[in-house]
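The next block holds one structure in the form of structure tokens; read it before the comments.
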Amino acid sequence: MDYLLLQMLNGVQLGLLMFLLAAGLTLTFGIMDLVNLAHGSLYMMGAYIAWTTIGWTDSFVLGALLALPVIFLLGLVVEAVVARRLYVRNHLDQVLATFGLILFFNELVRVIWGPAGKSIAVPTFLNHTVEILPGVPYPAYRFAIIVVGAVVAVLLAWLVARTRIGMLIRAGASNRRMIGALGVNIELLFSLVFGLGAVFAGLAGLMAAPITSVKIGMGDDILILAFVIIVIGGIGSIKGAFIAAMVVGQIDIVGRAFLPDLLKTFLSASAASSAAPAISQVLVYIVMAGVLVWRPTGLFGQRQ
Amino acid sequence: MKSKLFGTATIAALATIAAGSLPAVAQSPIKIGFVSTFSGPQAAIGEDMRRSVELAKEHLGGKMGGRPFEIVYEDDQFKPDVGKQKSEKLVQQDKVNFIAGYIWSNVLLASLKPVTDEGDTILISANAGPSQIAGELCNKNFFSTSWVNDQTPMAMGEYLQSKGVKSLYLMAGNYAAGKDMLAGVKRTFKGQIVGEDLTKWPDQLDFSAELAKIRAAKPDGIFIFYPGAHGVQFLTQYAQAGLKGQIPLYQVFSIDAITLPLQKDLALGTLGAQEWVNDLPNDANKKYVADFKKKHGVYPSYYGAQSYDAIMLIASAAEALKGDVSDKSKVRAEMKKANFKSVRGDFKYNTNQFPIQNFYIQEAVKDPEGMMTVKTIATAMKDAKDPFYEKCSMK
């Protein structure tokens, strides 16, 4: 029972991290109709910029707080220089251009920070384990990720559901052309959404950094999962992205934690241990395919 | 399109003529292709190898058997298909005399045949040692200056067995080398294996689920194989999960000169196995390590040491043949003697052209200047032969 709880918490933590990344992606895709492959680069830049600012301030929290506005600015620059030109182009052009951005950012990081990768230490006040239940220890830092992720999710829900900007975002996601016709300053809205997406991606990157380490291309692996999440959740839907991220987080953990033992009940031990990672790798995609058959626009996608 | 085809054909024809006329030029350089990972998260390993190759070149004065030599570096991007492509390019386009390098078993397996068979070029693996190549895939054009994957974990397993460790939980990346490593430790460790995880390679970086399983399984020790960047991540998460100090960690290829600057104190005291350690007391090694440290301010790793040896092995053959490396069978015969001062100490080649060598147990420590490094604490295996050589058709 303790073990199950521990694994579920791992799933929640992974899901929240994925949600931060997917939130920006689903907004840019849903509102600007932009397929942004370089979203993972913003995740990476978040981690690298935080590595620098944490070095300056000697404090994880201060460094992180300092890094976020920098990433917001970086998002605005990327939007103004590259992304803005792509809104009117087709998806293939967007894929090509944003793939170019990935290469650009990877090289940029190599030039500035070198090829070797960096590590960000877990802040000392979180470098211990907390007992979530008596006798069930859990890393405090991962627990902090869950807390921060949940707070951000609530803030985002409030922003989208209760504010004027949120209203425009929702309107933009369901009918882009119409809100332009109503005299809304689309350019400003787009910049803002892109910058916001960059901040979330950067936040996810810098929070993941102490667990996984900061390296070139760190965002590329995780981006594919983020795309799966927004497809399952329905493009443009924050709520969908949240639920899908939670589901994907749990699937990933189930696949890694329980599948090998399950397979061992009817396969030989060695066959089970090599088949399990392969199966858990495709599990997420099977779920995605299933959801798409059932609801072609995703769980909360706008029907068009 | 037509004119482009014509152009390509002309260039190809010219290249053939040029290549054909090469042996006539006595002082033309010996060409060595070097395939490693120079971009992406594992680029630090490739850089360590490149530095060691350049140091070998410097120590040789830029010449082998009186002939100058040049190195053509190619980046496999950590991908088997790219590695194969780059190897083919080196053989067919650059017409290299030798190819060396290869960190990853899956990259080497993809590149082996195009180089050794179709290209009839001698390949020296400076790291990867998939078990297949030691056995049924063994090849007259293949030499190793490293080991067979299974051997290093076998050394670790034997040591743990002798220390009375009762149970182990095994973890490795799910690819050719990862499977060999776990098979290796199971050959010599006779205690209980309470759990075993092969994780998605190379994209799984979060080990929380596996660490929770380990906590529940309560083994006497954890054995891991996570080279390069993955080793850094595993160690960090192992400490964060509060397992450090509770369940000891034993590793192969996961704590070394590349990863230690990132792992820092988390690695202190962790034991591992290796065929080369920077403090081995032979003269070749002292010179290599001291000059490397002077130049780069860091310790070299076994990746670098094996690359250094690969160049020295080629040089020994070129030296014996006075620079004429055109006759492959003579070159192979000379290389088989391993007649050079290896930084691991002298070794002999087995019939499958893998070294017969010692394996040591090493501990992660701080040197007097406070820099993280590893030091030898025991010899786990002496003159060890790999378990596959009898399956090799070469005698």
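Kindly establish whether residue B:347 is without any contact (Cβ under 8 Å) to a residue 24 or more places away in the chain and under 24 Å from residue B:130 (Cα atoms).
Values: without any contact (Cβ under 8 Å) to a residue 24 or more places away in the chain: yes; under 24 Å from residue B:130 (Cα atoms): yes.
Criteria met by residue B:347.
Which ones in the range A:261-281 are farther than 15 Å from residue B:200 by Cβ, hydroxyl-bearing (Ser, Thr, Tyr) and either touching a strand residue (DSSP E or B) at 6+ places or on another chain (Cβ under 7 Å) or at pLDDT 80 or above (or both)? First the steps, then the outcome.
The initial filter retains those residues of the range A:261-281 that are farther than 15 Å from residue B:200 by Cβ, namely A:261-272.
So of that shortlist, the ones also hydroxyl-bearing (Ser, Thr, Tyr) come out as A:265, A:268, A:270.
Of everything in the range A:261-281, just one residue is farther than 15 Å from residue B:200 by Cβ, hydroxyl-bearing (Ser, Thr, Tyr) and either touching a strand residue (DSSP E or B) at 6+ places or on another chain (Cβ under 7 Å) or at pLDDT 80 or above (or both), namely A:265.
Tally up the residues in the range B:50-65 that are within 13 Å of chain A (Cβ to nearest Cβ) and surrounded by 23 or more Cβ atoms within 10 Å (Cβ to Cβ), please. I'd like the intermediate steps shown before the answer.
Just the residues of the range B:50-65 that are within 13 Å of chain A (Cβ to nearest Cβ), to begin with: B:50-51.
Within this subset, residues satisfying the condition of being surrounded by 23 or more Cβ atoms within 10 Å (Cβ to Cβ) are none.
Selection size over the range B:50-65: 0.
Those residues that are facing another protein chain (nearest Cβ under 10 Å) and among the β-branched types (Val, Ile, Thr), I need them from the range B:202-232; list them, please.
The one that is facing another protein chain (nearest Cβ under 10 Å) and among the β-branched types (Val, Ile, Thr): B:232.
Those residues that are away from chain B (no Cβ under 12 Å) and crowded, with 24+ Cβ neighbours inside 10 Å, I need them from the range A:17-31; list them, please. Let's see the steps before the verdict.
Here is the first cut: in the range A:17-31, the ones away from chain B (no Cβ under 12 Å) are A:19-31.
Correct list: A:19, A:20, A:21, A:22, A:23, A:24, A:25, A:26, A:27, A:28, A:30, A:31.
Output the residues belonging to the range A:262-284 that are within 25 Å of residue A:18 (Cβ to Cβ) and facing chain B (nearest Cβ under 9 Å).
Residues satisfying the conditions are A:276, A:277, A:278, A:280, A:281.
Looking only at the range B:347-369, decide whether some residue is outside the structural domain of residue B:263 (by TED's automatic domain parsing), over 18 Å from the mean Cα position of the chain (by Cα) and among the aromatic types (Phe, Trp, Tyr).
no
Which members of the range B:34-56 meet the condition of being within 13 Å of the chain's Cα centre (by Cα) and small (Gly, Ala, Ser)?
Across the range B:34-56, the qualifying residues are B:36, B:46, B:52.
Considering the range B:345-364 alone, what residues qualify as being in contact with a helix residue (DSSP H, G or I) (Cβ under 7 Å, 6 or more places away or on another chain) and of a type in the set (Val, Ile, Thr)?
Of everything in the range B:345-364, those that are in contact with a helix residue (DSSP H, G or I) (Cβ under 7 Å, 6 or more places away or on another chain) and of a type in the set (Val, Ile, Thr) turn out to be B:351, B:361.
Select from the range A:127-176 the residues that are of a type in the set (Lys, Arg) and at pLDDT 80 or above and write down the one among them that is farthest from residue B:236 (Cα to Cα).
Per the criteria, the residue is A:164.
With the structure loaded, tell me whether residue A:216 is at the interface with chain B (Cβ under 9 Å from one of its Cβ atoms) and β-branched (Val, Ile, Thr) or whether it fails that test.
Numbers: at the interface with chain B (Cβ under 9 Å from one of its Cβ atoms): yes; β-branched (Val, Ile, Thr): yes.
Spelling it out, residue A:216 is indeed at the interface with chain B (Cβ under 9 Å from one of its Cβ atoms) and β-branched (Val, Ile, Thr).
Take the range B:34-46 and flag every residue that is within 14 Å of residue B:82 (Cβ to Cβ) and either among the basic types (Lys, Arg) or more than 14 Å from chain A (Cβ to nearest Cβ) (or both). Outline the logic, then answer.
In the first step, residues of the range B:34-46 are kept if they are within 14 Å of residue B:82 (Cβ to Cβ); the result is B:35-40, B:42-43, B:46.
The answer is B:35, and nothing else.
Considering only residues of the range B:188-242 that are of a type in the set (Asp, Glu) and not in a strand (DSSP E or B), which is modelled with the highest pLDDT? First the steps, then the outcome.
Taking the range B:188-242 first, the residues of a type in the set (Asp, Glu) are B:196-197, B:203, B:206, B:210, B:220.
Checking which are not in a strand (DSSP E or B) leaves us with B:203, B:206, B:210, B:220.
Details: B:203: 77, B:206: 86, B:210: 92, B:220: 96.
Only one residue tops the list, namely B:220.
Mind checking whether some residue in the range A:203-213 is away from every other protein chain (no Cβ under 14 Å) and modelled with pLDDT of 90 or more? Before the answer, list the steps.
In the first step, residues of the range A:203-213 are kept if they are away from every other protein chain (no Cβ under 14 Å); the result is A:203, A:206.
Subset that is modelled with pLDDT of 90 or more: A:203, A:206.
Yes - at least one qualifying residue is present in the range A:203-213.
Would you be able to say whether some residue in the range B:313-335 is under 18 Å from the mean Cα position of the chain (by Cα), surrounded by fewer than 19 Cβ atoms within 10 Å (Cβ to Cβ) and among the charged types (D, E, K, R)?
no
Considering only residues that are part of a loop (DSSP other than H, G, I, E, B) and surrounded by 12 or more Cβ atoms within 10 Å (Cβ to Cβ), look in the range A:172-184 and name the one that is nearest to the chain's Cα centre (by Cα). Working first, answer last.
Initial filter on the range A:172-184 (part of a loop (DSSP other than H, G, I, E, B)): A:175, A:182-184.
Subset that is surrounded by 12 or more Cβ atoms within 10 Å (Cβ to Cβ): A:175, A:184.
Values: A:175: 25, A:184: 28 Å.
Of everything passing the filter in the range A:172-184, A:175 is nearest to the chain's Cα centre (by Cα).
Pick from the range B:233-280 the residues that are more than 10 Å from chain A (Cβ to nearest Cβ) and among the β-branched types (Val, Ile, Thr): which of them is surrounded by the fewest Cβ atoms within 10 Å (Cβ to Cβ)?
Here the answer is B:247.
Examine the range A:61-80 for a residue that is farther than 25 Å from residue A:221 by Cα, free of Cβ contacts under 8 Å to residues at least 24 places away in the same chain, of a type in the set (A, V, I, L, M, F, W, C) and within 14 Å of chain B (Cβ to nearest Cβ), and state whether such a residue exists.
The answer is no; no qualifying residue exists.
Could you count how many residues in the range A:154-172 are in contact (Cβ under 8 Å) with a residue 24 or more places away in the chain and more than 20 Å from residue A:75 (Cα to Cα)? Steps first, answer last, please.
Here is the first cut: in the range A:154-172, the residues in contact (Cβ under 8 Å) with a residue 24 or more places away in the chain are A:156-157, A:160, A:165, A:169, A:172.
Cutting the leftovers down to more than 20 Å from residue A:75 (Cα to Cα) gives us A:157.
Going through the range A:154-172 one residue at a time, the tally reaches 1.
Taking residue B:169 and the conditions (1) modelled with pLDDT under 95; (2) more than 14 Å from residue B:386 (Cβ to Cβ), which numbered condition does it fall short on, given that it satisfies the others?
Just one mismatch for residue B:169, condition (1).
Which residue pairs have Cβ atoms under 6 Å apart, sit 6 or more places apart or on different chains, and have a first residue in the range A:188-205 that is farther than 27 Å from residue A:144 by Cα and a second that is not aliphatic (A, V, I, L, M)?
Final answer for the pair search is A:191/A:79.
When you go through A:199, A:193 one by one, which is the residue that is hydrophobic (A, V, I, L, M, F, W, C), within 17 Å of residue A:45 (Cβ to Cβ) and away from chain B (no Cβ under 14 Å)?
Details: A:193 fails: within 17 Å of residue A:45 (Cβ to Cβ).
Criteria check complete, one pass: A:199.
Just the residues that are within 11 Å of chain A (Cβ to nearest Cβ) and either within 25 Å of residue B:162 (Cβ to Cβ) or touching an Asp or Glu at 6+ places or on another chain (Cβ under 8 Å) (or both), please, taken from the range B:180-201. Walk me through it before giving the result.
Initial filter on the range B:180-201 (within 11 Å of chain A (Cβ to nearest Cβ)): B:182-183, B:186, B:193, B:195-201.
Within the range B:180-201, B:182, B:183, B:186, B:193, B:195, B:196, B:197, B:199 meet the criteria.
The values are calculated or read from the model by the stated rules, or taken from the named source; none is laboratory data. This is a predicted model, so every value here is computed, not measured. Note that we place each Cβ from the backbone using ideal geometry, even for glycine, and neighbour counts take in every protein chain shown.
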